[in-house]
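Structure first, commentary second.
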Amino acid sequence: MSYFIFDGVLNLDQQYELKGEESSHITKSRRLRPGDSFMVQDQQGQRFEAILKSFDRKSLLFTPQKPVAIPPASSLRIEILQALPKQKALEFMLQKTTELGVSRLDVFCGIHSPKTFRASEKQNHFKRWKRIVSEASKQCERQFAPEIHFHHDISAALQALPECPNSWMLDPESKDAVSWKRISSSG
């Protein structure tokens, strides 16, 4: 069952207020009513079964009733470095890699990336990307969404990434996977 996110720390049997999109989703999309239960997770990753107490147009009141076990995270740390594709393809990639357990996503403007991405709109894009990975995390019951980083080119991206002994680059023009140690930052 998917959960909702509370921006704060929750304690059992105390009443809290939930505002914004999460509140609206519970009352309008899910159509929950006072007395109904739902899952909620706080900013520390604690998850609870909560009871909806009351709501109005802008917020709702709820009480965490009992802690809920969280599925264990993968022991693998998977990071993806991706040239910025078209917006729809990127959104699909963000969603699916989150559902598959990727830990970190780094995107950069490649030589074939769409020219429509403007630095002035970076914050709007970034905000949307974070919402996509957050929703995908909730959908697959993942505790935390992956990190997302944006770089202006591949050189900046390679400098920002920590070196890893098990790194591969997928290149449609190459016959073999290439270790990142041999990747030149001029590509």
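The values are calculated or read from the model by the stated rules, or taken from the named source; none is laboratory data. This structure is a prediction, so every number in the text was calculated from the model and none was measured. Ideal geometry is used to build each Cβ from the backbone, glycine not excepted, and the neighbour counts take in all protein chains shown. Areas reflect the complete protein model, heavy atoms only, side chains present, ligands, DNA and RNA absent. Shrake-Rupley method; radii C 1.70, N 1.55, O 1.52, S 1.80 Å.
Miscellaneous remarks
- Note on Glu163 and Arg77: the model spin-label points, each 7 Å out from Cα along the C-beta direction, lie 1.6 nm apart.
- Ligands, DNA and RNA left out, the 1.4 Å accessible surface of region 96-157 is 52% carbon and sulfur atoms.
- Reach of Lys66 by Cα under 28 Å, taken over lysines that are not fewer than 8 positions away in the same chain: Lys19, Lys28, Lys53, Lys58, Lys138
- Gyration tensor (alpha-carbon) shape descriptor, region 5-158, a/c threshold 1.5: prolate
- Residues of region 87-108 with amide N under 16 Å of the 7 Å Cα→Cβ point at Gln143: 101-104
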